Structures are given as C-alpha cells and as structure tokens.
Amino acid sequence: MSVSERLEIARSLHDGIAQELLGLTYRLQNILGHEEITPALKAEMRQMQSRIDAAIASIRNEIFALREGIELSLAERIESLIATIEGGPEIIFSANLDYNYPELDEVLSNVAQELIRNAVVHAGASRIDIALTTSDNYLHLSISDDGNGGIHDRDGHFGLALCHEQIETLGGAIDIDTSSGTSIWIRIPLASSL
C-alpha cells in the first residue's frame, strides 16, 4: 500500500467514524447530566460510553499504525490533504518555508485540515488560497476563500474553538475576517517552539 493510500485511509478514519463517535460521546455526556434520567438508564448509558471510548481508542491505534514511519513536512501534509479533495473549489497552495520545527507540523496540520475542510464543506467557495510562509521568526498560515463568509463556532461543533486553543497553546494567534468571503491568518512565533 502506498504512503498516500495509507494517509488517505488514516484521514478517512479520523475525519469520519472517529469524529462521529466523538460526537456521540459528547451527546451521551450531555444526556447523562439530565436529572430525569433514571439510575438504571444512567448505568446503561455509562456502559455505552465505555464501549464508544474503546472503539475510539481502537480507531486511533489503527490510525497510528497506518501512519507509522511516515514523516511528512507541514507543506507535504497540506499538499496531501488538498490532493484528497475531489469536486470542490479550486485550491491554490504556496509554501515558502525556512524553518525546522517538526513539533509544530502535527498541530498546524490538524488546524489547517479543520479550516480547509470548513471552507470546502460550509463556505460554498469556488476558490481557496492557502499560503504557508516564515518571516521575522514567525510561521504564517493564511487560508482565504471567496465563499459566503460567516465562519463561527456552532452549537455542538468544536472545530474552530479547538483551532484557537491549539494555536494559543503554541503562543500564536488567529485573526479572522469575514467581510468578503473568509480570510484566516495564523501567526506562530518560532522561538517559542525551541
């Protein structure tokens, strides 16, 4: 099996069934908080929660096994993601990187994946521009689309909030402008990653 096939299967597992199961766990936790649920039903629901958690762990193990031995740069990860998008908007990607911080690649790859997926699925865009650069000891990632704008956190959806949290953990910032389509700028100080 080729590297790209392994990555596509891993990505499908992560973005598909793993996310669905994670959503179920959030819903079960919410329902368990209701006072009108009987103790017997709560016990059964907790058992279901444990089974879902075990399934998520199993899927994660499969994802890790598929990705074992594959070390892609951030630019390669984004290119690989773009290659899997079929029938969507035109995607223009440019990368001009001068850095060696592989510990950032996983986090930024996850953030980029979430933001690109949002642009493809929700924005109704015909074009998405993605630029990855370094300057003045900062890593910059920008994602702009010509879609309907209005990116925001939605009830029951945590993707954008998780992106903010991951970037802030690295000492970075996200700026969003929705006045014409959606433009997102991420800036991470490279010195904080030493």
Could you please tell me which pairs satisfy a Cβ distance under 6 Å, a separation of 6+ or placement on different chains, a first residue in region 23-37 that is touching a residue at least 24 places away in the same chain (Cβ under 8 Å), and a second residue that is of a type in the set (A, V, I, L, M) and surrounded by 13 or more Cβ atoms within 10 Å (Cβ to Cβ)? Leu24/Ile52; Thr25/Ile52; Leu28/Met45
I'd like to verify a number: residues in region 162-186 that are under 19 Å from Asp145 (Cβ atoms) and either of a type in the set (Ser, Thr, Tyr) or not in a helix (DSSP H, G or I) (or both), how many? 13
Taking Glu103 as the residue in question, decide whether it is touching a residue at least 24 places away in the same chain (Cβ under 8 Å) and charged (D, E, K, R). yes
Of the residues in region 71-81, those that are surrounded by 14 or more Cβ atoms within 10 Å (Cβ to Cβ) and either without any contact (Cβ under 8 Å) to a residue 40 or more places away in the chain or within 16 Å of Glu5 (Cβ to Cβ) (or both) number 7
Can you pull out every residue in region 33-64 that is surrounded by 11 or more Cβ atoms within 10 Å (Cβ to Cβ) and closer than 30 Å to Ile130 by Cβ? Ile56, Ile59, Arg60, Glu62, Ile63
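Residue by residue, here is whether (1) out of contact with any Lys or Arg (no Cβ under 7 Å at 6 or more places or on another chain); (2) modelled with pLDDT under 80; (3) of a type in the set (A, V, I, L, M) holds:
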{"residue": "Ile59", "(1), (2), (3)": "yes, no, yes"}
{"residue": "Glu62", "(1), (2), (3)": "yes, no, no"}
{"residue": "Glu68", "(1), (2), (3)": "yes, yes, no"}
{"residue": "Leu74", "(1), (2), (3)": "yes, no, yes"}
{"residue": "Thr84", "(1), (2), (3)": "no, yes, no"}
{"residue": "Tyr99", "(1), (2), (3)": "yes, yes, no"}
{"residue": "Leu104", "(1), (2), (3)": "yes, no, yes"}
{"residue": "Leu108", "(1), (2), (3)": "yes, no, yes"}
Considering only residues of region 147-168 that are among the aliphatic types (A, V, I, L, M) and modelled with pLDDT under 80, which is least open to solvent (accessible area, probe 1.4 Å)? Leu160
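The values are calculated or read from the model by the stated rules, or taken from the named source; none is laboratory data. Keep in mind it's a predicted model, so treat the numbers as computed, not measured. Cβ: placed from backbone, ideal geometry, glycine included. Neighbour counts: every protein chain shown. When the accessible area is computed, the model is the full protein with side chains, heavy atoms only, and any ligands, DNA or RNA have been set aside. Shrake-Rupley method; radii C 1.70, N 1.55, O 1.52, S 1.80 Å.
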